[in-house]
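The values are calculated or read from the model by the stated rules, or taken from the named source; none is laboratory data. Worth saying up front: this structure is predicted, and the values here are computed from it rather than measured. In this analysis, Cβ positions are derived from the backbone assuming ideal geometry, glycine residues included, and neighbour counts consider all displayed protein chains. Ligands, DNA and RNA are stripped out before the accessible areas are found, and what is left, the full protein with its side chains, is counted by its heavy atoms. Shrake-Rupley method; radii C 1.70, N 1.55, O 1.52, S 1.80 Å.
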Amino acid sequence: RDATLAARPGDTILVQGPSGSGKSTLFRALAGIWPHAQGQIRLPADFTAQAMFLPQRPYMLLSSLRSQLLYPHLDIKISDEKLQELLVRVNLPELIARFGGLEAELDWAKVLSVGEQQRVAFARVLLAAPRYVILDEATSALDIANEEALYQQLADSETTMVSVGHRPSI
């Protein structure tokens, strides 16, 4: 209630509060998918086109590993080597070899741990390089070292970040 949030390009904002206080609801309202919101939300004109949302449990396609990494920009052409480098950046260097290549099609939500899924989601963000990233407990299944490394990469990219989290390390 009566919350005001203002962010400038490159800012990082952490939204904290007790469970049930509406943190995730705020993010749904920002995304335009919460019909019960009241009040006013003013977003930059390019927000919809330039924002990515990372939920606690990332969306995993029933498709190839390559598609997992490219989502939601499935038409991007990128070399296998660049995708391997991306996986190294998110501390998943063995993923391609472990599942038999980038064209392996599996039920990724079942074969990857939640922590691995969260790192795949960060790989998507690093590849897409959006201006805004909204993170809702997006590193909750990660250890502090992985969480710190991923957030630092986003901070280095000058992406505006708004995060919900409970751990002080965020």
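Tabulated values for the structure
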item: Full-extension gain in nm, D2 to D107, via 0.36 nm per residue minus C-alpha separation; result: 33.6 nm
item: All aspartates and glutamates inside 15 Å of K23 as judged from Cα atoms, apart from same-chain residues fewer than 8 positions distant; result: D2, D136, E137
item: The stretch 1-56 versus the stretch 125-159: alpha-carbon centroid distance in Å; result: 16 Å
item: Candidate aspartates and glutamates for bridging to K77, where Cα separation is under 18 Å - those fewer than 8 sequence places away on the same chain excluded; result: E85, E103
item: Full-extension gain in nm, E158 to H73, via 0.36 nm per residue minus C-alpha separation; result: 28.5 nm
item: Contour excess over end-to-end distance, with Cα ends at R57 and Q40 and 0.36 nm allotted per residue; result: 3.4 nm
item: Of every Cα-Cα pair in the stretch 17-61, the percent that sits beyond 13 Å; result: 65 percent
item: For V164, residues with placed amide H under 5 Å, excluding near neighbours; result: V15, L135, D136, E137, A138
item: Around A155: net Lys/Arg minus Asp/Glu count, Cβ-Cβ under 11 Å; result: -4
item: ³J(HN,Hα), Karplus 6.51/-1.76/1.60, whole Hz, each residue of the stretch 116-132, x for Gly, Pro; result: 5, 4, 5, 6, 4, 4, 5, 4, 4, 5, 4, 6, 6, 6, x, 6, 10
item: Gyration tensor (Cα) of the stretch 76-160, equivalent ellipsoid semi-axes in angstrom; result: 21, 16, 12
item: DSSP beta bridge pairing in the chain, given as percent antiparallel to the nearest 5; result: 5 percent
item: J(HN,Hα) series, the stretch 25-42, from Karplus relation 6.51 cos²θ - 1.76 cosθ + 1.60, nearest Hz, glycine and proline x; result: 5, 4, 5, 5, 5, 4, 7, x, 10, 10, x, 9, 6, 10, x, 10, 10, 10
item: Average accessible area per residue (Å²) across the chain - probe 1.4 Å, nucleic acids and ligands excluded; result: 58 Å²
item: Kirkwood Rh, Cα atoms: Rg over Rh of the chain; result: 0.97
item: Computed [θ] at 222 nm, deg cm²/dmol, the chain (DSSP H ≥ 4; -39,500 (n - 2.57); rounded to nearest 500); result: -10500 deg cm²/dmol
item: Carbon/sulfur fraction of accessible area - the stretch 65-170, other protein chains in place, 1.4 Å, %; result: 53 percent
